[in-house]
Every structure is written in structure tokens, then in C-alpha cells.
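Below you'll find the structure, written out as C-alpha cells, and then a few comments.
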Amino acid sequence: MRKKQARIPLYIIASLLFGLKTYIVYRFMFNIELDNRMQELILFINPFVSAFLIFAVSVWFNKPSRQMKYLRYTAFIFSFIVFANLVFYRQFTDFITLPQLFMGSNMTDLGSSILTLIKPYDILLFTDAAIIWYLSKKKESTLSVQYLKRGKAFALSMSLLLLAGNFFLAEMERPQLFTRAFDREYLVKNIGLFNYHVYDLVIHSKTESQRVFADGNEIPEIKDYIEDNVKVTEKSDMFGVAEGKNVIFINAESVQGFVVGKEVNGQEITPFLNKLVEDEDTYYFDNFFEQTGQGKTSDSEFLVENSLYPLSRGAVFFTHGGNEYHALPEILKEEDYFSAVLHANNKSFWNRDGMYRSLNLDHFYSDEAYEITDENSVGWGLKDKPYFEQSIKYLQAMEQPFYTKFITLTNHFPFELDEEDKSIEPYDSNSNTLNNYFPTVRYADEAIEEFFDHLKQAGLYEDSIIIIMGDHIGISANHNRAMSMFLDKEEITPYDQVQLLKVPLFIHIPGHGKGETISTVSGQIDLKPTILSLLGIEHKNDIYFGNDLFAKNRKGYIALRNGDFVSDDYLSTAGMCYDVHTGELADVEDEATSEEEATTGTSSPCDEIAEKVELELSYSDNIIYGDLFRFVDFTEEKQVEK
């Protein structure tokens, strides 16, 4: 009798194919920073560990047909997870979280953006799934396994042992990885994409339970921290300079700070904003950072209205839109201000209609309030120029004083613009995204200039303060090669990447005559206390994490949602501490290098601020996850139960 030839089981083949595919995606399609050989090793190991853990489950199916069915469907489903994360990463340089899977209603407005992010060669991501599917159909009898309980237990033990080894190496490379996991990239490169999603599920379950068990006992500790570390002790010289005036806030979609004052093809990108920088009625903040998370524009709104940090996972507007807040519209309502948002998009996008009710906004002018046609729309909807033009009638009809927010659309990825609307030619680089960005920024600049004219003609200009803020970045790290070319740099370093989070902020006060450029480090979380201060409104009992931009004794740093920060002296990112003025690595106390610090335990000059940043982010998260403001009476200096 001829001896039966031994064959490699299909679950082993699937683990190898899927692990190799995932590693290639990690290494060459995700823009994951690798700082040392240990990280290289872990990044190579974890996709195979995850794949074996996933596919080894098949050995517990006794029937070969069920075993094969599990393998082929699992290969396809998990390949799709890789694909979905890759598409998401191309736009946001980030990984999908569980809360974002509940944002499905947003998908109807993403059509052209998603199609732009999908590449023809993405079909190759399903090659291994196709091979596994074929083998499971044609070689079922020879590639299936029939292990005894001991064999099944061994396969399970091996998968768990490999996983434990992966986690051990990850913890060695990044201590407290799971307890200080603000940065999703660190999780993915250390434990793998699929283990990251499991971790995300656990964290989601934990945070969802926080509201149930919250009782408000955390509030005194949070208030004490804010009193001691955040709130300024003196009013700024600008307190009350705009008392009784209307507030017109322009959320300038995807406008980044690097375009202000720059040229492309010999032409100014933002000629009107450039003039505002020099305008005597304008305060321009050139060291102002966006602090959004996965919620992007909605996160920028949340920061401005509440002076709380957005969440690290998902968008607050979606996940906690029903919470109680103490937002600007509510505070201004007590001062007889009418509040409104004007945004020519679907009112349910980012759950705005629900969240605005929680913020006590008086009215939301959504796409239903505008005349939108094929001729006056492009990309995401109504072009900025007709949007501002059509909005004036609503401002004229409002009871004054009013607080209004305008959210523009045209300068939105994928930065589409009709030829007749282009005032400058696209840039010439390897990135179509960056190339097309400059004409849409120029169009937005022209639209804002026209809006100023509309306000003057409507008689609203003199009685208003106008705030223009970039809501978030438009050019992600995936376009660093083109960005380095435009900025005339050899490469975009981690330090540069944080600096590119700067967005423009203009506070224009007609007739003020004392404007200037202010370079103090600041961020979106500072807008709420600043607006209230300009209007002369006291808010001693409020809970917030920002500072009045004009105050002299500010806290001296701004926190980013991933735990990075920028201070007056230092910039911390990717576990490195930089001198904020030079971009060079900051010396630790004993003059050791950054690499030595990891092994000798010497302290970094960033450590003290890093502890405050971590604390502030956690306090803000507790407020949101626990819906803690339901336990606070902001009219009294005490807590009350509701």
C-alpha cells in the first residue's frame, strides 16, 4: 500500500497567506513610523500571530465542510476589514473604531470621496481570500484536519502562546501600551490590526458602562484641577471689548495655516486672508492648532462650543449627542443672544440635528434652507459663494444680538472645483490631492471676502465680530512627499507633522484698531472662554479646559487628542520630546540622548506637561462618557442631583 502524502492543512496555509498580505499592507500601504529594530520585528510578527489565532479556530469544527466554510468566509471578512481600514487610512491617517461603524448615515454623503480613495490594485488585497476559497472547495478532503481533543487544545494553546509573546514584546517596546493608548498607530504596530479591533471593542464596552455607574462624585476633583491648573486668575485687557456685538463664526473647511502668506504658481493662495493678517482690526493667531479626533469638523465644533476635548474614538456628536452640556449657545441665551448654525448640508450628517438640541442651539439652517442646483453645487454640495450669498437674508431676519456659525463645504476632500471657479492653477506634484487643494482654498478665500462685502451691504458688519477658523487639516500625512516638495524640505519629520496641524485663526473686530499677530501657542479648545471674555460675560462656575487667548497667565500648552502636545518650549510626539523653537530633540536632564532615556530611565523635560495632558484628556473623557454635567448646576457653586 502506498503511503499517503502529508499535506499542510489549509488553516496553516491561510495563516501564512493572510499574515504575509497583512504585513505587506502594514509595511508599504499604511504610513506607520518604525523607530527601531524591535518595532520592525513586532510589526512582522503580529500579522502572522493574529492570522493563526483567527484561522486555528477552524480545527474545532469536526465536519470538513464546516471547517472549510469557516476558513473561506473568515478570509473574505477579515480581508474586507483590512481593505476598509486602508481606505479610511488614506483619508485620515488613522484606523477605524467601533463607534464609527455606527456612523453609517454619514456614508450617503461620502460617495465621491470614497471612490477617490479606492485604488484599482486594491483588488489584490483579496487574492489570498480567493486562493483559500478555491482550495477549500477543491481540496476539502486533503486540506482539512481531524484532530483529537489533544490536537485541538494544542492548536489553541499555540495561538494563545504566540499572542502572549506578541503582547510581551509590545509591552517591552512600549510600556503601559494598553493603559495609555491614546495613539491608535502604536496599538496597531505593536499588537496588530485585528487585536486592536478587539481592544477597541473592550474599551467601547467599558466606556458605554460609565454613564450607568456615574454618580457625579468625580466632579469636585475635576473642578479642583481646573481651578489649580487651567483657569486664569485675571481678566484680559480685551474683556468686554465686543460687549453686545453679534458673533459671526466661520468654520473654514480644511484650511490649514501653511497656506496663509504662501504662493503657488506665482500667485497668492489666500490674498484676502493675507490682507486680514495686516488689518488693524484683526488679531491673527499664527501658532494655533486644531485638536480634533475622528469627528473632524464636528469635533472642531464640539471644542469651540464646550472647551472640552473630543473623544479618541468616534465623534462625540454621534456617540454622546444626547448628553447634557454647558455650551456657548446655552450661556449666550442667558444674555439674550439668539444662536444659529448655517450649513448647507444634510441636517442628520454627524447627527447635527440631535447634537444641536443638546447644545441648546436656537435654530439650524440646513440644506433645506438653501436653493441648491447642479449649477451652484460641486463636491459636497452648495458652493461657498452662493452659500454665503443666500445666508445673508437669514442674518438680516435674526433678532440681535446673535451668535451664528457658518460651516463651509467647497474646500473639502477630494477638493473638486469647476473650471470656471478656479482662480489659480493646480500645483504640480505627485499628489493630486495637494495639487487640487490650492484652487479650492483660493475659492474659499474669495468666498469669505465676498461675505465681508455682503455683511457691509446688509448693515451687519459694524455691529459684529467675525471669527474665521480652520476646522481641521485637509492634507494628511499620506501626502508628505508632495508636502515636503511644496515646503522645500527634505522630509516631513514627526516634529513637522505636528506643526502642520496649525490652522489659521482670525478675530476681526471692526473699528477696534489694535489688531496684531499673536504667536502664543493656542488651540481650538480656547475659543469658548475667549468669546465669552470678548463679550464681557463672566463664567466662574463653568467647567472647561481652555484659556482666554488674550489672557497673560495662560497655562502654556495645548493638548492634542492622541496625547501629543505643544507648549511654549517643547513639542511632544511619537514618544519624542523636541525643542519647539528648533525642532531638535530636547536634552534630558543628564544630557543623555532620547534612545538612552528609554534604557536609563532619565526624565524628559516633556514629562511634567505630559502628565497634565494625560490627566486633562481623561477628565474630559470622564465628563463625556459619564454624562457628568447632568449632576452639575452651573448657576450655583455646588453639585445637585438630577
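For region 188-198, the criterion of being farther than 29 Å from Asp542 by Cα, open to solvent by less than 60 Å² (accessible area, probe 1.4 Å), assigned to a loop (DSSP other than H, G, I, E, B) and at pLDDT below 90 is met by at least one residue.
Using the structure shown, decide if Ser300 is modelled with pLDDT of 90 or more, among the small types (Gly, Ala, Ser) and either in a helix (DSSP H, G or I) or closer than 27 Å to Tyr443 by Cβ (or both). Spelling it out, Ser300 is indeed modelled with pLDDT of 90 or more, among the small types (Gly, Ala, Ser) and either in a helix (DSSP H, G or I) or closer than 27 Å to Tyr443 by Cβ (or both). One residue stands out in region 228-263 among those that are more than 28 Å from the chain's Cα centre (by Cα) and of a type in the set (D, E, K, R): the one that is modelled with the lowest pLDDT, namely Glu234.
Residue-by-condition table, conditions (1) farther than 19 Å from Phe272 by Cα; (2) at pLDDT 95 or above; (3) touching a helix residue (DSSP H, G or I) at 6+ places or on another chain (Cβ under 6 Å):
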| position | (1), (2), (3) |
| --- | --- |
| Ile392 | yes, yes, yes |
| Leu395 | yes, yes, no |
| Asp421 | no, no, yes |
| Ser431 | yes, no, yes |
| Ala447 | no, yes, yes |
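Yes/no per residue for (1) closer than 25 Å to Tyr89 by Cβ; (2) not aromatic (Phe, Trp, Tyr):
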| position | (1), (2) |
| --- | --- |
| Asn190 | yes, yes |
| Leu193 | yes, yes |
| Tyr199 | yes, no |
| His204 | yes, yes |
| Ile219 | no, yes |
| Glu227 | no, yes |
| Val230 | no, yes |
| Val241 | no, yes |
| Asn246 | no, yes |
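The residues on offer are Phe289, Phe317, Phe249, and the sole one that is under 30 Å from Leu201 (Cβ atoms) and either among the charged types (D, E, K, R) or open to solvent by less than 10 Å² (accessible area, probe 1.4 Å) (or both) is Phe317.
Within region 256-272, the residues that satisfy the criterion of being part of a loop (DSSP other than H, G, I, E, B) and either open to solvent by 10 Å² or more (accessible area, probe 1.4 Å) or aromatic (Phe, Trp, Tyr) (or both) are Val260, Gly261, Lys262, Asn265, Gly266.
Exactly one residue out of Leu53, Leu17, Leu41 is in a helix (DSSP H, G or I) and either crowded, with 21+ Cβ neighbours inside 10 Å or small (Gly, Ala, Ser) (or both), and it is Leu53. Residues of region 370-381 that are open to solvent by less than 40 Å² (accessible area, probe 1.4 Å) and at pLDDT below 95: Asn376, Ser377, Val378, Trp380, Gly381. Only one of (1) within 29 Å of the chain's Cα centre (by Cα); (2) surrounded by fewer than 18 Cβ atoms within 10 Å (Cβ to Cβ); (3) not charged (D, E, K, R) fails for Ser157. Which number is that? Among (1) within 29 Å of the chain's Cα centre (by Cα); (2) surrounded by fewer than 18 Cβ atoms within 10 Å (Cβ to Cβ); (3) not charged (D, E, K, R), Ser157 violates only (1). When Glu280, Glu234, Glu221 are checked against the criterion of being in a helix (DSSP H, G or I), surrounded by fewer than 19 Cβ atoms within 10 Å (Cβ to Cβ) and among the charged types (D, E, K, R), a single residue qualifies: Glu221.
Among the numbered conditions (1) at pLDDT below 90; (2) touching a helix residue (DSSP H, G or I) at 6+ places or on another chain (Cβ under 6 Å), the only one that Phe76 does not meet is (1).
Given the residues Lys347, Lys275, which is the only one that is without any contact (Cβ under 8 Å) to a residue 24 or more places away in the chain and either in a helix (DSSP H, G or I) or touching a Leu at 6+ places or on another chain (Cβ under 6 Å) (or both)?
After ruling out the rest, the residue left standing is Lys275.
With respect to (1) within 29 Å of Pro439 (Cβ to Cβ); (2) of a type in the set (A, V, I, L, M, F, W, C); (3) touching a His at 6+ places or on another chain (Cβ under 7 Å), the lone exception for Ile465 is condition (1). Go through region 199-218 and give me each residue that's of a type in the set (Gly, Ala, Ser), within 26 Å of Gln294 (Cα to Cα) and surrounded by 15 or more Cβ atoms within 10 Å (Cβ to Cβ). Once the filter is applied, which keeps residues that are of a type in the set (Gly, Ala, Ser), within 26 Å of Gln294 (Cα to Cα) and surrounded by 15 or more Cβ atoms within 10 Å (Cβ to Cβ), region 199-218 yields only Ala214.
Among residues belonging to region 20-38 that are outside any loop (DSSP other than H, G, I, E, B) and among the β-branched types (Val, Ile, Thr), point out the one that is surrounded by the most Cβ atoms within 10 Å (Cβ to Cβ). Result: Thr22. Restricting region 328-361 to residues that are open to solvent by 50 Å² or more (accessible area, probe 1.4 Å) and touching a helix residue (DSSP H, G or I) at 6+ places or on another chain (Cβ under 7 Å), the residue that is nearest to Lys383 (Cα to Cα) is Asn346. Considering Glu375, Glu335, Glu324, the condition of being among the acidic types (Asp, Glu), within 28 Å of Asp621 (Cα to Cα) and in a loop (DSSP other than H, G, I, E, B) is satisfied by Glu324 alone. Of the residues making up region 563-572, those that are out of contact with any Gly (no Cβ under 9 Å at 6 or more places or on another chain) and crowded, with 23+ Cβ neighbours inside 10 Å are Asp564, Phe565.
The values are calculated or read from the model by the stated rules, or taken from the named source; none is laboratory data. Since the structure is predicted, the reported quantities are computational estimates derived from the model, not experimental observations. In this analysis, Cβ positions are derived from the backbone assuming ideal geometry, glycine residues included, and neighbour counts consider all displayed protein chains. For the accessible areas, the whole protein counts, side chains as well, though only heavy atoms, and no ligand, DNA or RNA atoms are used. Shrake-Rupley method; radii C 1.70, N 1.55, O 1.52, S 1.80 Å.
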